[in-house]
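> Got a structure here, written out as structure tokens. Questions coming.
The values are calculated or read from the model by the stated rules, or taken from the named source; none is laboratory data. Here the structure is a predicted model, which means the values were calculated and not measured. A quick note on method: Cβ atoms are made from the backbone with ideal geometry, for glycine too, and the neighbour counts reach across all protein chains shown. Side chains included, ligands, DNA and RNA excluded: accessible areas come from the protein's heavy atoms. Shrake-Rupley method; radii C 1.70, N 1.55, O 1.52, S 1.80 Å.
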Amino acid sequence: MKRLSILLAVSLLMTIMPAAGIQAATSPAVYINGMQMSFEASPIVSGERVLVPMRDIFESLGASVNWDGDKQVVEASKGTHRIILTVGSLLASKDGANIQLDVEPVSWNGHVMIPLRFVAEALDDRVEWMNDSNSVYIYSPDAVSSLESQTYARSKYVFPYKAPRTATGYQVRNYAELVMALKAGMTNFETPFKLDCQGYDGDAFNDFKSALAQAQKELQREICFFSIYNEVAWEQYGSVISVNIEYMVAREQFESTRQKVSEIAAEVVRPGMSDADIEKAFHDYLVNNCVYDLTFAPPSYTAYGALILGRAVCQGYSEAMGMLCLHSGIECMLVTGSAYGDGVWAQDHAWNLVNVNGVYRHVDVTYDDPISWDGRNNLTYEYYNKTDQQIDTDHDWVYADYPAAQ
């Protein structure tokens with residue numbers, strides 16, 4: 001479910017450079033592997049590119065540098081890489097190959113300023129521009145690898161589930177094992193799969209429907225899967241139950257979603273970020289890269305729709321936010337209930353409950369991404385990190401089913 005609003009705003013048109021070609025306004029901050037750099041001359045912006053002093057940046061990136069003042073040529077080398085740039089020329093050289101730049105090196109207040117992104121990427125470093133903080137972040141390959149290792153080490157996303165097996169199928173001796181076997185079969189995208197109920201302490205077939213609902217409820221809480229299946233059918237043959245499932249997404253689609261989650265985390269999570277910073281980064285990414293699907297196509301009810309197709313309804317938004325947070329070690333669960341929107345109360349709705357530093361807060365990414373008449377993305381925080389009391393003015397859920405957000 002999605003609220004619809006008309007957002008009227010005054011557009012502030014900010015030109016990044018005047019007619020002279022160089023902007024000398026607030027200089028962007030530059031960080032290398034999480035540490036802010038201090039240069040002999042402040043960075044400048046030209047042609048929407050950040051330029052920095054040549055010697056400072058090359059040496060900070062571990063490259064040796066040579067300046068030919070007569071020819072106005074700078075040459076730098078690091079390992080197998082060799083870079084040549086010329087002041088006033090859009091033609092550069094990397095490892096013997098000519099490269100066309102989109103902004104030329106310049107002389108500025110007695111310093112030779114060169115394009116930051118080009119030189120960093122030419123040395124195999126990763127570059128990110130953060131518009132909201134007017135900052136450039138550069139990461140060496142080792143720093144990127146270390147960050148990804150730390151992220152995976154912290155991950156709370158356990159997938160797929162595992163359960164004991166016999167030669168016949170998943171071993172099920174009691175209700176708890178029945179629930180776990182269903183979670184294992186579903187998260188492995190198996191169909192059909194068998195449950196070996198030999199020795200079950202009750203009637204497994206009669207318990208099946210209840211166990212399936214419990215398994216789904218736990219998957220919502222533990223891995224933010226709203227519903228992994230469209231339909232489930234089960235049949236009993238003696239002590240064996242055969243389960244056939246029509247899944248919401250194919251295994252291949254889910255694997256591509258997990259890969260996308262890793263890529264997004266690598267893109268937006270930077271060394272030194274707190275869990276609160278990471279949570280906000282994921283919230284902002286979803287609002288800026290996903291739109292509400294008014295056609296209500298089936299994939300839009302999944303994280304695949306939100307992250308791969310860029311279209312989702314509340315269920316897809318919530319699954320995506322959950323997968324991103326859990327991947328980065330932040331506890332996040334999916335809340336199901338109802339909400340007020342479009343002038344109607346008690347529409348089915350889903351959102352997230354996120355635990356940052358031991359404090360639970362509600363996050364409704366769907367409501368923070370309102371539909372606008374002009375088609376623009378509008379990043380809002382009206383439903384971001386809210387307590388139970390703050391959000392229950394237009395949201396309703398079973399309080400007892402979730403931790404309190406006080």
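> Filter the range 282-298 for residues that are of a type in the set (Ser, Thr, Tyr) and either farther than 17 Å from Asp364 by Cβ or outside any helix (DSSP H, G or I) (or both) and give the result.
Listed by number, the residues that qualify are Tyr292, Thr295.
> Further question: Under 25 Å from Asp401 (Cα atoms), in contact with a strand residue (DSSP E or B) (Cβ under 7 Å, 6 or more places away or on another chain) and aliphatic (A, V, I, L, M), is that true of Met333?
yes
> Considering only residues that are within 34 Å of the chain's Cα centre (by Cα) and surrounded by fewer than 17 Cβ atoms within 10 Å (Cβ to Cβ), look in the range 234-246 and name the one that is farthest from Thr168 (Cα to Cα).
For the range 234-246, the residue satisfying everything is Glu246.
> Applying the selection to the range 35-57, what residues are open to solvent by 40 Å² or more (accessible area, probe 1.4 Å) and within 24 Å of Met273 (Cα to Cα)?
Result: Met35, Gln36, Met37, Ser38.
> Follow-up. Spot the failing condition for Phe193; the list is (1) modelled with pLDDT of 80 or more; (2) touching a Pro at 6+ places or on another chain (Cβ under 6 Å), and only one is missed.
In the conditions (1) modelled with pLDDT of 80 or more; (2) touching a Pro at 6+ places or on another chain (Cβ under 6 Å), Phe193 misses (2) alone.
> Additional query: Give me the residue from the range 120-134 that is free of Cβ contacts under 8 Å to residues at least 60 places away in the same chain and part of a helix (DSSP H, G or I) and, out of that set, surrounded by the most Cβ atoms within 10 Å (Cβ to Cβ).
By that ranking, first place goes to Ala122.
> Let me ask something else. Only one residue in Tyr304, Tyr292, Tyr317, Tyr360 is open to solvent by 10 Å² or more (accessible area, probe 1.4 Å), among the aromatic types (Phe, Trp, Tyr) and out of contact with any strand residue (DSSP E or B) (no Cβ under 7 Å at 6 or more places or on another chain), so which one is that?
Tyr304
> Consider the range 78-96. How many of its residues are under 13 Å from Phe118 (Cα atoms), surrounded by 16 or more Cβ atoms within 10 Å (Cβ to Cβ) and in contact (Cβ under 8 Å) with a residue 12 or more places away in the chain?
Residues in the range 78-96 being under 13 Å from Phe118 (Cα atoms), surrounded by 16 or more Cβ atoms within 10 Å (Cβ to Cβ) and in contact (Cβ under 8 Å) with a residue 12 or more places away in the chain: 4 in total.
> Where in the range 32-95 are there strands (runs of 3 or more DSSP E), lying fully within it, with 1 or more residues that are among the hydroxyl-bearing types (Ser, Thr, Tyr)?
44-46, 64-68, 73-78, 81-86, 91-94
> A follow-up question, please. Which of the residues belonging to the range 97-119 are aliphatic (A, V, I, L, M) and either surrounded by fewer than 14 Cβ atoms within 10 Å (Cβ to Cβ) or outside any loop (DSSP other than H, G, I, E, B) (or both)?
Ala97, Ile99, Val106, Val112, Met113, Ile114, Leu116, Val119 - these are the residues of the range 97-119 that are aliphatic (A, V, I, L, M) and either surrounded by fewer than 14 Cβ atoms within 10 Å (Cβ to Cβ) or outside any loop (DSSP other than H, G, I, E, B) (or both).
> Going residue by residue through the range 222-229, is there one that turns out to be buried (at least 20 other Cβ atoms within 10 Å of the Cβ), at pLDDT 85 or above, hydrophobic (A, V, I, L, M, F, W, C) and at negative phi?
The answer is no, given that none of the residues of the range 222-229 is buried (at least 20 other Cβ atoms within 10 Å of the Cβ), at pLDDT 85 or above, hydrophobic (A, V, I, L, M, F, W, C) and at negative phi.
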